[in-house]
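**Q** I am attaching a structure below and will ask some questions about it afterwards.
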Amino acid sequence: MDDKTKNLIQNHIDNNEVCLFMKGTPDAPQCGFSMAVSNILKILEVKYNGINVLEDQSLRDGIKVFSDWPTIPQLYIKKEFVGGCDIIKEMYESGDLRKVFDDKGINYKKN
C-alpha cells in the first residue's frame with residue numbers, strides 16, 4: 001500500500017469517532033454486509049462516517065492491508081478496529097457493542 005492510501009485511511013480513522021469502511025454509502029449500501037452493519041449503527045442512532053471503498057480501488061485494497069482483515073465492511077471506533085459484519089452483528093446481539101460505545105463515550109440510543 002502506498003503512503004497516500006495509508007495516510008487517507010489513517011486520516012479517516014483519526015478524524016471520525018465511528019468510522020465504517022463500506023461498499024456504498026450509509027444511504028445506499030452496495031452489499032448486504034455493509035447494509036447490515038450500517039443498519040445496526042442506524043438502529044442505535046450512532047453518528048458515524050461511512051467511507052465508500054468502491055470509489056477507490058487502492059482504498060478498497062489498502063484497508064484490508066491496513067487492518068490485516070480480509071473483508072469489508074470494517075468498523076473503527078475511537079481509532080480502534082472492532083471488526084467486520086459477523087463480529088458486529090454478534091456484538092450487537094450480545095450487547096457487547098453497546099458496552100464498547102459506553103466504554104469509549106460514544107452516544108447511542110440506550111433502549
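Every read-out reported here was derived from the displayed coordinates using simple, explicitly stated rules and does not represent laboratory data. Small disclaimer: the values here were computed from a predicted structure and weren't measured. Cβ sites come from the backbone with ideal geometry, for glycine too, and all protein chains shown count toward neighbours.
**Q** Got a sec to turn the phi values of segment 99-111 into Karplus ³J(HN,Hα) couplings, 6.51 cos²θ - 1.76 cosθ + 1.60 with θ = phi - 60°, whole Hz, x for Gly and Pro?
**A** Each residue of segment 99-111 in turn: 4, 4, 4, 4, 4, 9, x, 9, 6, 7, 6, 7, 9 Hz.
**Q** Put +1 on the Cβ of each Lys and Arg and -1 on the Cβ of each Asp and Glu in the chain; which of CYS31, ASN49, THR71 then has its Cα farthest toward the positive end of the dipole?
**A** ASN49
**Q** Treating the Cα atoms of the chain as identical point scatterers in vacuum, please give the log10 of the normalised Debye intensity I(q)/I(0) at q = 0.16 Å⁻¹, two decimals.
**A** -0.65
**Q** Right, another one. Report ³J(HN,Hα) in whole Hz for each residue of segment 44-61, in order, from the Karplus equation J = 6.51 cos²θ - 1.76 cosθ + 1.60 where θ = phi - 60°; Gly and Pro get x.
**A** Computed from phi, the couplings for segment 44-61 are 7, 6, 8, 6, 9, 10, x, 10, 7, 6, 6, 6, 8, 4, 5, 5, 4, 6 Hz.
**Q** Can you work out the Karplus-derived ³J(HN,Hα) for every residue in segment 37-43? Use 6.51 cos²θ - 1.76 cosθ + 1.60 with θ = phi - 60°, whole Hz, and x for glycine or proline.
**A** These are the phi-based 3J(HN,Hα) values: 5, 4, 5, 4, 5, 5, 4 Hz.
**Q** A further question follows. Please tell me the relative contact order of the chain in percent, rounded to the nearest whole number, where contacts are Cα pairs under 8 Å and at least six residues apart.
**A** On the way: 155 pairs, mean separation 34.8, N = 111.
Computed value for the chain: 31 percent relative contact order.
**Q** Long-range amide H contacts for ILE51: which residues qualify at under 5 Å (H placed 1.01 Å from N, peptide plane, sequence gap of 5 or more or a different chain)?
**A** Counting only residues 5 or more places away or on other chains, the set is LEU20, PHE21, MET22.
**Q** For ASN52, what is the net charge nearby, where nearby means another residue's Cβ is under 13 Å from its Cβ and Lys, Arg count +1, Asp, Glu -1?
**A** Details: positive: LYS23, ARG60; negative: ASP27, GLU55, ASP56.
With Lys, Arg at +1 and Asp, Glu at -1, the net is -1.
**Q** Right, next: Compute the long axis of helix 3-15 from its Cα atoms, compare it with the longest principal axis of the Cα atoms of the chain, and write down the angle in degrees, 0 to 90, nearest 10.
**A** 20 degrees
**Q** Right, another one. Quick one: compute the contact order of segment 13-76, relative version, from alpha carbon pairs under 8 angstrom and 6+ residues apart, as a percent.
**A** Working: 83 pairs, mean separation 29.6, N = 64.
About 46 percent, as a whole number.
**Q** So which GluC sites (Glu not before Pro) in segment 41-111 end up in coil per DSSP with only 16 or fewer other C-beta atoms within 10 Å?
**A** Counting only loop positions with at most 16 other Cβ atoms within 10 Å, the GluC sites (Glu not before Pro) in segment 41-111 are GLU45.
**Q** Which order do the peptides 65-76, 96-107 take when ranked by the mean count of other beta-carbon atoms within 10 Å per residue, highest first?
**A** Peptide ranking by packing, descending: 65-76, 96-107.
**Q** Under a Cβ-Cβ cut-off of 14 Å, what is the net charge of the residues other than LYS23 that fall near it, where Lys and Arg count +1 and Asp and Glu count -1? Working shown, then result.
**A** On the way: positive: ARG60, LYS64; negative: ASP27, GLU55, ASP56, ASP61.
Taking every other residue near LYS23 into account, the sum is -2.
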